[in-house]
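The values are calculated or read from the model by the stated rules, or taken from the named source; none is laboratory data. Since this is a predicted model, take the numbers as computed values, not measurements. Cβ sites come from the backbone with ideal geometry, for glycine too, and all protein chains shown count toward neighbours.
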Amino acid sequence: MKKTKSVIGKVLFSLIAVIYISPLLIVFTNSFMNQKEIYRNYNGTGDVFAWGRGFITMNLIPEMVTLSQYVELLLKTPVYINMFWNSVQIALPVVIGNLAVSAMAAYAFTVLRFKGKEVLFFIYIIVMLLPQQVTLMPNYVMAGWLHITDSYLGIILPGIFHPFGVFLLRQFMKMIPQAYIESAAMDGAGHLKVFTLIILPMVKSGLAACAMLTWIDYWNLIDQAVIFITKPEAQPLSLFLANLNREQIGVAFAGSCVYALPVVLLLFYGQEYLEEGISLSGVKG
Amino acid sequence: MKNKIISLLLVAVTLLSGCGLRGDDGAVTGSMPEKGGTDGAKMEKGAEGNDNVYTKPEMKGEITVSAWYDEGYLSTAAKEFMVQYPEVTVTIHQFYDGSAEPSHESYRNWLNTKIMSGKADDIICTTSLPVRKYSDMGVFEDLSGFVSAAGELNDENFYMKALEACRDAEGRMYLVPYACSFETVNFDRRLVAEKMSDGWTVPMDGSRKSMSFRSAMSIARELVDATAKENAFMTMESCDSYMNRLLKDEIRKFIDMDTKKININTKEYIDLLNEVKELSSNRKYFAEDGSIDFYNDEYYFACRIDMDWQSAYYNLLPEGSDSHGVPLADADGNVFMSSGTCFGINSASPHKELAWEFIRFLLSDEMQSSPALYSMPVNRKGCEAYVRRNLQLYNEGNNANVDEKEAQRLLEQWMEQINKCDMFDPVISDYLWEENKNFFQGKQSAEDTAQILQTKVEQYFNE
Amino acid sequence: MSRRRTVIPVYMLSVSVLGFALFYLFPFLFSLFYALMDSPLNMQFAGLKNFVELLNNQYFMRGLKNTAVFMLVSIPLNMILSLAAALMINRLKRYRNTFSLVFLIPLVIPSATTAFFWENIFSRYGILNRFLDRLGITGFDWFQSRYGLGVIIVIFVWKNVGYNMALFISGLNNISSQYYECAAVEGAGGFWQFRKITMTYLAPTAFLVLIMTIVNSFKVFKEIYIITGQYPPDHLYMLQHYMNNMFLSLNYPRLASAIYILTVVIVLLIACLFRAENLVSENLSL
């Protein structure tokens, strides 16, 4: 009884997994199709005499495998590689900076006791919820004052101070029993020691989640790039892909694959840390 | 918790009052347009009395220009200007550099951010902008004072009606064109010759030498009816663009930009849609897609829409395809120039006078004659140079010998007829185009199309 | 703690607070200033005019309503599904990494490609209708139909379950196994363990996930926008469409006022949740 239940569960689970993975899979395999095949497949005209009775076709296996889309992308559009590097230059400092600033702030929120602490935290949360349209313009004004328009700093600095990390890490630190921190402090360890040697290792999974999600956000950014980066050669990859038009579906497929690669790798390695729980035994009580 | 909420409110209030103070700083830049506005008004008053009120500013400082794309005209001018006035720096910010084309919407987003934060460039080039909306919102400075104070801007040097085509009913001028592209209607030389042999003459709209799209099409129809030739059709336009042009003939009937009244969901609009659909499915008048082999078949399109210079040339070329070309007008006989080749001065700019001096420089004989300008100049000397340059090129290409004087005269005659600037909102244009297309492709009925458009445009105006 | 001992954490916090104030709090207040103006170019004080106009604007109200409906359905759905996925993956003995990676896949595909993919499934001549056509049913454009919002919810859930699942997994793993061991020694059953330990200790994570779902529900607009453009069918018209269109119309005061109306709603909602969460997590340190 219990066994059949788990088998059904697994089948269901695998089915969902297939649904989840199919878009990337299709994008991946279709990036090896030639332009003609892609056009024929994705041109839904409603004409019953046309290919696929006028419906769109999504084929997993290309009729003929070709690397032409990749050649077009990587060799004929050399800016692509450049833009890839631009994206890294934006996302990497944001992730590192945000982790550092957020972890410190979250720690302070955990150990400090002052009036209005919860109110301050509450403000962090509320402001985090603001949609981009409203903050974009003031941020631009701000960047003007700081003389960082037309540079990545206009995107990176707000990224570093994004409240998401503080919020996330504080929620994780809440789960550490207060007694552990206090006993560590009682032993005479300073805050820096407690923070780096005890707390940080304990919230490894939170740090991993924070890094992964921040990376995804800044790897995918579009709106800020439009406003802050006007030099075409300095634009990130996400913007390039968003600007590809309908006639370039094949290139867009290939582009999406190359684009997704670093994120997939990051997720793959970041995952292991996600599952690392708080190991209380590692702390001398 | 109650305490917390109260203290939160307190914090908010204190911060807000702090912001109020800071806001005053912002208001200084914010009030710039007002200040500029009074300047403009003062100057205008002075200009009526005598022309000497405007004094040339000290040629020193920095001005910036934003443009969707610079063909080279702006950068050439900037370079020359800086040579002439070494203490002035001109920086051009072009959004599209000619490689991967960004969306026009992202350009507007970028520009809007700059405008709303009071940090827009001093001069804004109008390519791909909803100029009407921008003017209504007060983005641009009224330049009428500057224009009337500038002595060189007169009929002797300029096609003044084109130069002042952007003047509104109250006499304000938010935009000054540096070039004035316009469209023309042309008839097929061979078909016209055939019909003229019966003693027929091409009828014009009234005394003006221009023609609306609808009258051009009725002539085209006559031409097709009269000929016995195979492969003779009314026009090459698709039914989408045919509809669009008919709409432009009398757009005020459907959308009034001044009163924001919309009458699209009407019998008239639905009739228009059906009329075009019926006509375009008539194989006598409209060629079927792909039915003509352009390389091997002989074919005739009775009426062709073309652009200014090119049209003039092919009308004058003895073996050219066109004849009887005239500027395309609307039903009221207004000839429109494109609004994409204008400049406006940012109403919040602190360097309006200097910016104006640069625009004056862009309008000067020297710059208007520059080979870096690729569309019809508004300056008479510039126009001559433009014709001379292109004539040489075209004559070589066609191995022909079209006379320069004749070309000058024809174009001049056309240019004199421009009296309006086409400021129709590109966003609404896109809607019309898109929904009409859906109708022609059979995705929706004419009634639905009219209904959808009515709601969409109403929403656009009232959102 | 003595004064000397709090110096370092105060410094740690102030770095973040400074940056936060500069790049987030300031813009927030800056926009309030604008919300009270008549236009960003004129800068005449208009008082509450913008707010009154907004509440009387049918398009704004439509956006508000659609957004509320969307959030009411998609947020609980998303949270339940992602918690279920996290619990399930946590119980797996093999292929854990592979499975959790699978759910994260939608996050790595660029929005334009995601939109393209879903559009090809639900459009008039898309895959879904192709399938229905085989069964003899005439299809229709799903986005334009009254099921449009449902389709958007499916896309939203598909895209964001992985995000929340990642947070839940790390939250679940952060619950010390000692608690479960103690409970097991005392003879507590699996359900009791789930209710008393998992639910309690997961509260901070659940709160985090909830907030992030709200944040992400604003971002769903990107895909709707790519698929249906500036003016979607009425039932897909979100608050974000309104805000975006206001931005394109240079009407920043309206946009800012819209944000403040939204903020009031959110503050009330979050304040309740915040309180609930604080009550639960106070129990944690016992």
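Among the residues of segment A:140-170, write down those that are farther than 22 Å from C:A271 by Cα and touching a helix residue (DSSP H, G or I) at 6+ places or on another chain (Cβ under 6 Å).
Answer for segment A:140-170, where residues must be farther than 22 Å from C:A271 by Cα and touching a helix residue (DSSP H, G or I) at 6+ places or on another chain (Cβ under 6 Å): A:Y140, A:A143, A:I148, A:T149, A:Y152, A:G154, A:I155, A:I156, A:P158, A:G159, A:I160, A:F161.
I'd like to verify a number: residues in segment B:125-154 that are in contact with a helix residue (DSSP H, G or I) (Cβ under 9 Å, 6 or more places away or on another chain) and outside any helix (DSSP H, G or I), how many? Show your work before the answer.
At the first step, the residues of segment B:125-154 found to be in contact with a helix residue (DSSP H, G or I) (Cβ under 9 Å, 6 or more places away or on another chain) are B:125-134, B:137-150, B:152-154.
Of the ones still in play, those that are also outside any helix (DSSP H, G or I) are B:125-130, B:138-143, B:150, B:152-154.
Selection size over segment B:125-154: 16.
Given the criteria closer than 22 Å to B:I92 by Cβ, polar (S, T, N, Q), part of a loop (DSSP other than H, G, I, E, B) and out of contact with any strand residue (DSSP E or B) (no Cβ under 9 Å at 6 or more places or on another chain), does B:S181 qualify? Talk me through it step by step, then tell me what you get.
Values: closer than 22 Å to B:I92 by Cβ: yes; polar (S, T, N, Q): yes; part of a loop (DSSP other than H, G, I, E, B): yes; out of contact with any strand residue (DSSP E or B) (no Cβ under 9 Å at 6 or more places or on another chain): no.
No; evaluated as a whole, the condition is false for this residue.
Please state which one of C:I227, C:I261 is more than 8 Å from chain A (Cβ to nearest Cβ), under 22 Å from A:M128 (Cα atoms), of a type in the set (V, I, T) and touching a Phe, Trp or Tyr at 6+ places or on another chain (Cβ under 9 Å).
C:I261
Residues that are in contact (Cβ under 8 Å) with a residue 24 or more places away in the chain, buried (at least 19 other Cβ atoms within 10 Å of the Cβ) and not charged (D, E, K, R): which helices (runs of 4 or more DSSP H) entirely in segment C:182-264 hold 1 or more of them? Steps first, please.
On the way: elements: C:190-193, C:203-219, C:221-228, C:239-248.
In segment C:182-264, the matching helices (runs of 4 or more DSSP H) lie at C:203-219, C:221-228, C:239-248.
Got a sec? Which helices (runs of 4 or more DSSP H) wholly within segment A:83-189 have at least 2 residues that are crowded, with 19+ Cβ neighbours inside 10 Å and at the interface with chain C (Cβ under 8 Å from one of its Cβ atoms)?
On the way: elements: A:117-128, A:132-145, A:153-160, A:163-173, A:178-186.
Answer list for segment A:83-189: A:117-128, A:132-145, A:153-160, A:163-173.
For residues in segment B:344-362 being in contact with a Pro (Cβ under 9 Å, 6 or more places away or on another chain) and of a type in the set (A, V, I, L, M), which is surrounded by the fewest Cβ atoms within 10 Å (Cβ to Cβ)?
My answer is B:L354.
Buried (at least 16 other Cβ atoms within 10 Å of the Cβ), outside any helix (DSSP H, G or I), more than 13 Å from chain A (Cβ to nearest Cβ) and not polar (S, T, N, Q): does that describe C:M79?
Values: buried (at least 16 other Cβ atoms within 10 Å of the Cβ): yes; outside any helix (DSSP H, G or I): no; more than 13 Å from chain A (Cβ to nearest Cβ): yes; not polar (S, T, N, Q): yes.
Against the criterion (buried (at least 16 other Cβ atoms within 10 Å of the Cβ), outside any helix (DSSP H, G or I), more than 13 Å from chain A (Cβ to nearest Cβ) and not polar (S, T, N, Q)), C:M79 does not qualify.
Take C:P27 and decide whether it is at the interface with chain A (Cβ under 9 Å from one of its Cβ atoms), part of a loop (DSSP other than H, G, I, E, B) and closer than 30 Å to B:N112 by Cβ. Steps first, please.
Numbers: at the interface with chain A (Cβ under 9 Å from one of its Cβ atoms): yes; part of a loop (DSSP other than H, G, I, E, B): no; closer than 30 Å to B:N112 by Cβ: yes.
So C:P27 does not fit the description; no.
Quick one: in segment B:310-364, of everything that is part of a strand (DSSP E or B) and within 14 Å of another protein chain (Cβ to nearest Cβ), which residue is farthest from the chain's Cα centre (by Cα)? Write out each step before concluding.
Keep residues of segment B:310-364 that are part of a strand (DSSP E or B), which gives B:322-329, B:335-338, B:342-346.
Still in the list and also within 14 Å of another protein chain (Cβ to nearest Cβ): B:344-346.
Details: B:G344: 13, B:I345: 17, B:N346: 19 Å.
Out of the qualifying residues, it is B:N346.
Please tell me if C:L250 is of a type in the set (A, V, I, L, M) and under 18 Å from the mean Cα position of the chain (by Cα). Step through it out loud before you land on a result.
On the way: of a type in the set (A, V, I, L, M): yes; under 18 Å from the mean Cα position of the chain (by Cα): no.
Considered against the rule, which asks whether it is of a type in the set (A, V, I, L, M) and under 18 Å from the mean Cα position of the chain (by Cα), C:L250 comes out as no.
Mind checking which residues of segment B:266-309 are part of a loop (DSSP other than H, G, I, E, B), closer than 26 Å to B:E435 by Cβ and in contact (Cβ under 8 Å) with a residue 60 or more places away in the chain?
Step one: list which residues in segment B:266-309 are part of a loop (DSSP other than H, G, I, E, B), which gives B:266, B:281-299.
Filter again for closer than 26 Å to B:E435 by Cβ, leaving B:266, B:281-283, B:285-290.
Within segment B:266-309, B:T266, B:Y285 meet the criteria.
Quick one: B:C166 ticks every box in (1) surrounded by fewer than 17 Cβ atoms within 10 Å (Cβ to Cβ); (2) in a loop (DSSP other than H, G, I, E, B); (3) of a type outside the set (D, E, K, R) bar one, so which box is it?
(1)
Among A:V263, A:V251, which is under 20 Å from C:M165 (Cα atoms) and not small (G, A, S)?
Going through A:V263, A:V251 in turn, just one is under 20 Å from C:M165 (Cα atoms) and not small (G, A, S): A:V263.
For segment A:229-261, give me the residue count where each residue is under 21 Å from B:N112 (Cβ atoms) and facing another protein chain (nearest Cβ under 9 Å).
8
Would segment B:88-104 turn up any residue that is in a helix (DSSP H, G or I) and modelled with pLDDT of 50 or more? Before you say what the answer is, go through the steps one by one.
Our first condition is that a residue be in a helix (DSSP H, G or I); within segment B:88-104, this holds for B:104.
From the residues that got through so far, the ones that are modelled with pLDDT of 50 or more too are B:104.
Yes.
Please specify each residue of segment C:42-60 satisfying the condition of being hydrophobic (A, V, I, L, M, F, W, C), more than 11 Å from chain B (Cβ to nearest Cβ), surrounded by 14 or more Cβ atoms within 10 Å (Cβ to Cβ) and assigned to a helix (DSSP H, G or I).
Step one: filter segment C:42-60 for residues hydrophobic (A, V, I, L, M, F, W, C), giving C:43, C:45-46, C:48, C:51-52, C:54-55, C:60.
Filter again for more than 11 Å from chain B (Cβ to nearest Cβ), leaving C:46, C:48, C:51-52, C:55.
From what's left, surrounded by 14 or more Cβ atoms within 10 Å (Cβ to Cβ): C:46, C:51.
Across segment C:42-60, the qualifying residue is only C:F51.
Run B:E194 past the list (1) at pLDDT 85 or above; (2) touching a strand residue (DSSP E or B) at 6+ places or on another chain (Cβ under 9 Å); (3) within 19 Å of B:L316 (Cα to Cα) and report the number of the one that doesn't hold.
(2)
Looking only at residues in segment A:262-285 that are modelled with pLDDT under 75 and in a helix (DSSP H, G or I), which one is farthest from the other protein chains (Cβ to nearest Cβ)?
Quick first cut of segment A:262-285, residues modelled with pLDDT under 75 only: A:274-285.
Restricting the remaining residues to those that are in a helix (DSSP H, G or I) gives A:274, A:280-282.
Details: A:L274: 5, A:L280: 5, A:S281: 8, A:G282: 11 Å.
The residue in question is A:G282.
Being in contact with a Phe, Trp or Tyr (Cβ under 9 Å, 6 or more places away or on another chain) and more than 7 Å from chain A (Cβ to nearest Cβ) is the filter here; which residues of segment C:88-105 pass it?
Selection gives C:I89, C:N90, C:L92.
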